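Engineer: One structure follows; several queries about it will come next.
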Amino acid sequence: MNIFIITSKTLAASSFIIGTILFTLQISFRHSHALVYPGIIFIIVAVILNTMSLLGLLIYLFVNPKEKHEIIKACGMVLLNIPIAILYFFIIINIEFPTEF
């Protein structure tokens, strides 16, 4: 397995773990806004790095089709972070700004 695939998988897993830690801390300390700015910075950096990783994996897929299955798995790991981040965002928004129906 290529080092680029391993790096992309590690980046995706690290993004998930760090994002989950920030999410858990924000849920634990609801009334504190101390994690808002670090969270926003993390999201910006994670989006940039994961997008670069995904684009690199897609280019590598065309360059080296022999490792197609491993590359697609790595792309899947990177792409799985998107719905998880959206879910975390909506949970935090609903906790911080509850709506009454």
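We did not get these values from a lab; they are worked out from the coordinates using the rules stated. Worth saying up front: this structure is predicted, and the values here are computed from it rather than measured. Positions of Cβ are backbone-derived with ideal geometry, glycine not excepted, and every protein chain shown enters the neighbour counts.
Engineer: Need the full-extension length gain, F89 to T51, defined as separation in residues times 0.36 nm minus the C-alpha distance. One decimal, nm. Mind dumping the intermediate values first?
Structural biologist: Details: separation 38, 0.36 × 38 = 13.68 nm, distance 1.89 nm.
Length difference between fully extended and current span is 11.8 nm.
Engineer: Next question, about the same structure. So what's the angle, to the nearest 10 degrees on a 0 to 90 scale, between helix 3-28 and the longest Cα principal axis of the chain?
Structural biologist: Helix 3-28 sits at roughly 10 degrees to that axis.
Engineer: Say a paramagnetic label sat at a point 7 Å from the Cα of A34, along Cα to Cβ; which residues of segment 79-96 have their backbone N under 19 Å from it?
Structural biologist: 96
Engineer: How many nm is it between the label spots at I72 and L25, if each spot is 7 Å from the Cα in line with the beta carbon?
Structural biologist: 3.8 nm
Engineer: Also, quick follow-up: Among M77, M52, rank each residue by its count of other Cβ atoms within 10 Å, from fewest to most, as a rough exposure measure.
Structural biologist: On the way: M77 22, M52 12.
Listing M77, M52 from fewest to most nearby Cβ atoms yields M52, M77.
Engineer: Once every Cα of segment 3-95 carries one equal point scatterer and solvent is ignored, give the base-10 log of I(q)/I(0) from the Debye formula at q = 0.13, 0.15, 0.18, 0.23 Å⁻¹, two decimals.
Structural biologist: Computed log10 I(q)/I(0) values: -0.48, -0.60, -0.78, -1.08.
Engineer: Cα centroids of segment 76-90 and segment 1-33: how far apart, whole angstrom?
Structural biologist: When both Cα centres are located, 10 Å separates them.
Engineer: Mind giving me the FRET efficiency for I44 and N2? R0 is 41 Å, r the Cβ-Cβ distance, nearest 0.05 is fine. The partial results should precede the final answer.
Structural biologist: Numbers: r = 28 Å, r/R0 = 0.67.
Using R0 = 41 Å, I get an efficiency of 0.90.
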